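Read the structure below first, then the notes.
The values are calculated or read from the model by the stated rules, or taken from the named source; none is laboratory data. Quick caveat: nothing in here was measured; it's all calculated off a predicted structure. Every residue, glycine among them, receives a Cβ derived from its backbone with ideal geometry; neighbour counts consider all protein chains shown. Protein only, heavy atoms only, side chains kept; ligands, DNA and RNA dropped before computing areas. Shrake-Rupley method; radii C 1.70, N 1.55, O 1.52, S 1.80 Å.
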Amino acid sequence: MLKRVTAVPVIEGEGASRVIGVVSEADLLPKEAFRDHDTGLIEQMKRLGDTLKAGSTLAQDLMTTPAVTVPPDTTLPRAARIMAERHIKRLLVVDPAGALQGIVSRTDLLKVFLRPDSELADEVRREVVGRLFPLAQHRVRVDVRHGVVTLSGGILNGSLIPVAARLARAVEGVVDVNCALTTSAAQTAGA
């Protein structure tokens with residue numbers, strides 16, 4: 001499968017793996033912009049950074065440095081926030097020594113929200129209903145449609161209703177939660 005590469009990390013030295021920069025499409029744009037365009041000295045001086053990048057033949061002259069990096073345990077919401085705040089399309093994932101572990105792109109972050117409804121329902125049943133209501137799982141119904149989770153049924157402990165809604169909302173890929181859980185004093189099994 002052919003993948004479209006929009007950036008490459010630049011690592012330090014032969015055999016080393018410490019990330020020192022990244023060359024992206026944006027770094028290559030000046031080369032293209034100046035290719036067929038005869039710029040005057042004044043324009044070159046105004047766009048000195050672009051002029052230097054346009055004439056570069058080495059990654060060290062073209063790359064953006066320092067690269068924006070995150071550790072492997074960065075949460076997806078945090079990664080998305082960093083990308084939005086820094087106006088970048090990807091984050092390099094590095095270990096504590098700065099060695100490249102991988103790259104997270106905007107597309108990778110968006111895939112989380114494209115999980116099948118059946119997969120979301122299974123995770124909510126397992127991670128929310130199974131943990132909060134282990135003795136009453138059979139009385140709690142989980143329905144998911146287009147990423148929206150609906151929790152319904154009767155439970156004994158009403159104080160857990162907002163907790164269930166919050167936990168279901170935290171499942172990656174869940175768009176919204178409709179919590180229709182109710183309490184029933186007639187139920188005798190623990191909830």
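Among 104-111, 161-168, how do they line up by average Cβ neighbours within 10 Å per residue, starting with the highest?
Numbers: 104-111: 14.4, 161-168: 17.0.
Result, highest mean first: 161-168, 104-111.
Which net charge results for the neighbourhood of Leu109, defined as the other residues with beta-carbon distances under 12 angstrom from its beta-carbon, given Lys and Arg at +1 and Asp and Glu at -1?
On the way: positive: Arg78, Arg81, Lys89, Arg90, Arg106, Lys111; negative: Asp108, Glu172.
Around Leu109, the surrounding residues sum to +4.
Convert each backbone phi in the range 119-132 into a coupling constant with the Karplus relation 6.51 cos²θ - 1.76 cosθ + 1.60 (shift: θ = phi - 60°), then list the ³J(HN,Hα) values in order as whole Hz, x for Gly and Pro.
Going residue by residue, I get 5, 5, 4, 4, 5, 5, 4, 6, 8, 10, 5, x, 8, 7 Hz, with x marking Gly and Pro.
How much accessible surface area, in Å² rounded to 10, belongs to the heavy atoms of Glu12 with a 1.4 Å probe?
Solvent-accessible area, nearest 10 Å²: 80 Å².
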